[in-house]
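Have a look at the structure below, then the notes.
The values are calculated or read from the model by the stated rules, or taken from the named source; none is laboratory data. This structure is a prediction, so every number in the text was calculated from the model and none was measured. Positions of Cβ are generated from backbone atoms using ideal geometry, with glycine treated the same way; all protein chains shown enter the neighbour counts.
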């Protein structure tokens, strides 16, 4: 049986934990089926997933994503105010540099303990994880795509990282290339993020039109057959 640990809502005290948090929706959960991490807790990324899990568990589970429509600002703001050190992993080097420049403008007192682009092999990953530990980072934010990013943050914890880790998918790249924020305010307010992303990034069309319904059926069947145990943890 696969065990899925869900966090119903984000609260700032999670930033004091020595734990890894990721985000699932009906696309990324496909990688969870293939290789379920055993030391990661998940938020529901997207209204469809949060609504579905609320029905399944009988408790209210909110939509939480690592972007500026959700918890990215609270995380960076908290880190800036509390003097927490942030390490960033993901995107191409040019995109990562652009992102860091934008973050420094928005959060001028934020301490960037280190960073690395998201294109590396397993040997290099171990070196990056060692650098994360040496940097004394308190918060690790990693965007490598579903599956790879969860494995990376787990390995960082195993290597001795003592802070809190978040995966962030394509957040670093998206924000680096956006003129202000990736999602315009009307799009966010009307909950049209999926449609907007299909427009901006056509390669995601298959994800929303094929992977979403396929994985929805798969997950539903696994729950009915009691092949998935959902543990809802209070934040």
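Can you find, within the range 208-235, the residue that is surrounded by the most Cβ atoms within 10 Å (Cβ to Cβ) among those that are free of Cβ contacts under 8 Å to residues at least 24 places away in the same chain and farther than 16 Å from residue 28 by Cα?
Looking at the filtered set, the residue picked out is 221.
Looking at the range 111-143 only, could you name the residues that are surrounded by 15 or more Cβ atoms within 10 Å (Cβ to Cβ), over 18 Å from the mean Cα position of the chain (by Cα) and part of a loop (DSSP other than H, G, I, E, B)?
Answer for the range 111-143, where residues must be surrounded by 15 or more Cβ atoms within 10 Å (Cβ to Cβ), over 18 Å from the mean Cα position of the chain (by Cα) and part of a loop (DSSP other than H, G, I, E, B): 120, 135.
Specify which of the listed residues (218, 191, 180) is assigned to a loop (DSSP other than H, G, I, E, B) and either under 20 Å from the mean Cα position of the chain (by Cα) or over 20 Å from residue 91 (Cα atoms) (or both).
Details: 218 fails: assigned to a loop (DSSP other than H, G, I, E, B); 180 fails: either under 20 Å from the mean Cα position of the chain (by Cα) or over 20 Å from residue 91 (Cα atoms) (or both).
When all the criteria are applied, what remains is 191.
A quick yes/no check of all residues on (1) touching a helix residue (DSSP H, G or I) at 6+ places or on another chain (Cβ under 9 Å); (2) free of Cβ contacts under 8 Å to residues at least 40 places away in the same chain; (3) over 19 Å from residue 7 (Cα atoms):
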{"residue": "55", "(1), (2), (3)": "no, yes, no"}
{"residue": "64", "(1), (2), (3)": "yes, no, no"}
{"residue": "67", "(1), (2), (3)": "yes, no, no"}
{"residue": "75", "(1), (2), (3)": "yes, no, no"}
{"residue": "92", "(1), (2), (3)": "yes, no, yes"}
{"residue": "107", "(1), (2), (3)": "yes, yes, yes"}
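State whether one or more residues within the range 78-88 are under 20 Å from residue 22 (Cβ atoms), assigned to a loop (DSSP other than H, G, I, E, B) and in contact (Cβ under 8 Å) with a residue 12 or more places away in the chain.
First pass over the range 78-88, keeping only residues under 20 Å from residue 22 (Cβ atoms): 78-79, 84, 86-88.
With the extra rule that they be assigned to a loop (DSSP other than H, G, I, E, B), the set shrinks to 84.
From the residues that got through so far, the ones that are in contact (Cβ under 8 Å) with a residue 12 or more places away in the chain too are 84.
Taking every residue of the range 78-88 in turn, at least one turns out to be under 20 Å from residue 22 (Cβ atoms), assigned to a loop (DSSP other than H, G, I, E, B) and in contact (Cβ under 8 Å) with a residue 12 or more places away in the chain.
Could you tell me which of the residues 56, 75 is closer than 21 Å to residue 156 by Cα and either in a helix (DSSP H, G or I) or at pLDDT 95 or above (or both)? Write out each step before concluding.
Numbers: 56 fails: closer than 21 Å to residue 156 by Cα.
Matching residue, one of 56, 75: 75.
What are the residue pairs meeting all of these: first residue in the range 122-139, first residue more than 14 Å from residue 86 (Cα to Cα), second residue assigned to a helix (DSSP H, G or I) and modelled with pLDDT of 95 or more, Cβ atoms under 7 Å, and 6 or more apart or on different chains?
So the pair list comes out as 125/152; 125/155; 130/159.
Does the range 1-22 hold any residues that are within 13 Å of residue 36 (Cβ to Cβ) and surrounded by fewer than 19 Cβ atoms within 10 Å (Cβ to Cβ), and which are they?
1, 2, 3, 5, listed by residue number.
Could you say whether any residue in the range 160-176 is over 22 Å from residue 45 (Cβ atoms) and more than 19 Å from the chain's Cα centre (by Cα)?
Residues of the range 160-176 that are over 22 Å from residue 45 (Cβ atoms), as a first pass: 160-162.
In the following step, the residues that additionally are more than 19 Å from the chain's Cα centre (by Cα) were identified as 160.
Scanning the range 160-176, I find at least one residue that is over 22 Å from residue 45 (Cβ atoms) and more than 19 Å from the chain's Cα centre (by Cα), so the answer is yes.
Considering only residues of the range 1-27 that are assigned to a loop (DSSP other than H, G, I, E, B), under 18 Å from residue 63 (Cβ atoms) and touching a helix residue (DSSP H, G or I) at 6+ places or on another chain (Cβ under 9 Å), which is modelled with the highest pLDDT? Talk me through it step by step, then tell me what you get.
Taking the range 1-27 as the starting set, the residues that turn out to be assigned to a loop (DSSP other than H, G, I, E, B) are 1, 8-11, 17-19, 25-27.
Subsequent filtering for residues that are under 18 Å from residue 63 (Cβ atoms) retains 8-11, 25-27.
Restricting the remaining residues to those that are touching a helix residue (DSSP H, G or I) at 6+ places or on another chain (Cβ under 9 Å) gives 8, 10, 25-27.
Values: 8: 93, 10: 96, 25: 93, 26: 93, 27: 90.
Filtering first and then ranking leaves 10.
Which residue, of 40, 2, is farther than 14 Å from residue 150 by Cα, touching a strand residue (DSSP E or B) at 6+ places or on another chain (Cβ under 6 Å) and in contact (Cβ under 8 Å) with a residue 40 or more places away in the chain? Spell out how you get there, then give the answer.
Numbers: 40 fails: farther than 14 Å from residue 150 by Cα.
Going through 40, 2 in turn, just one is farther than 14 Å from residue 150 by Cα, touching a strand residue (DSSP E or B) at 6+ places or on another chain (Cβ under 6 Å) and in contact (Cβ under 8 Å) with a residue 40 or more places away in the chain: 2.
Which number in (1) at pLDDT below 95; (2) touching a strand residue (DSSP E or B) at 6+ places or on another chain (Cβ under 9 Å) marks the one condition that residue 30 misses?
Status for residue 30: all satisfied but (2).
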